[in-house]
Amino acid sequence: MDALKFALGSGLYSGLTLKAPGTAGSFIALIFILLIVQAQLFGLLIVFLFVCSVSSLWVAPYFEEEFGKDPRVMVIDEWAGQCMTFLTISFTNSLRTN
C-alpha cells in the first residue's frame with residue numbers, strides 16, 4: 001500500500017526530480033489535462049480534480065511521516081492545483097487569435 005501511496009503522491013514519480021520537483025509534477029499534470037481538454041471531456045477534468053484532491057488527502061500523512069513537513073517529493077497537490085486552474089479557463093474559441 002505504501003508503494004501505491006508513493007506513486008500517487010509523487011505524481012507518478014514526477015516529484016523525484018532533484019531540481020524543481022513541483023514544476024516537474026505540474027508539467028506532467030499538464031500532459032494529462034491537455035489530453036482531457038483536447039478530447040473535450042470537461043467532466044473528466046472535474047473527476048481528475050476530485051481524484052487528485054482525495055489522493056492528496058490520503059497520501060499526505062504517509063509523506064509527512066516518511067519525509068517530514070511539506071515534502072518536496074509530494075506533488076499530487078500540484079496536480080490538483082493545475083486542475084483547479086484549468087477549470088476556470090474558458091475553452092471557447094474566443095481566445096484564439098487569427
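Couple of notes before you dig in:
- Rounded accessible area per residue of the chain, 1.4 Å, Å²: 66
- Taking amide H as placed 1.01 Å from N in the peptide plane, the amide H of Ser10 sits under 5 Å from that of Val75, each at least 5 places away or on another chain.
- Shown for region 21-62: the carbon plus sulfur share of the solvent-accessible area, taken with all protein chains present and a 1.4 angstrom probe, equals 81%.
- Using C-alpha pairs under 8 Å with a sequence gap of at least 6, the mean separation divided by the residue count of the chain gives a relative contact order of 39 percent.
- Charges were assigned to the Cβ only: +1 to each Lys and Arg, -1 to each Asp and Glu. The resulting dipole of the chain about its Cα centre is roughly 380 debye.
The values are calculated or read from the model by the stated rules, or taken from the named source; none is laboratory data. This structure is a prediction, so every number in the text was calculated from the model and none was measured. Neighbour counts run over all protein chains shown; Cβ positions are idealised from the backbone, glycine included. Areas reflect the complete protein model, heavy atoms only, side chains present, ligands, DNA and RNA absent. Shrake-Rupley method; radii C 1.70, N 1.55, O 1.52, S 1.80 Å.
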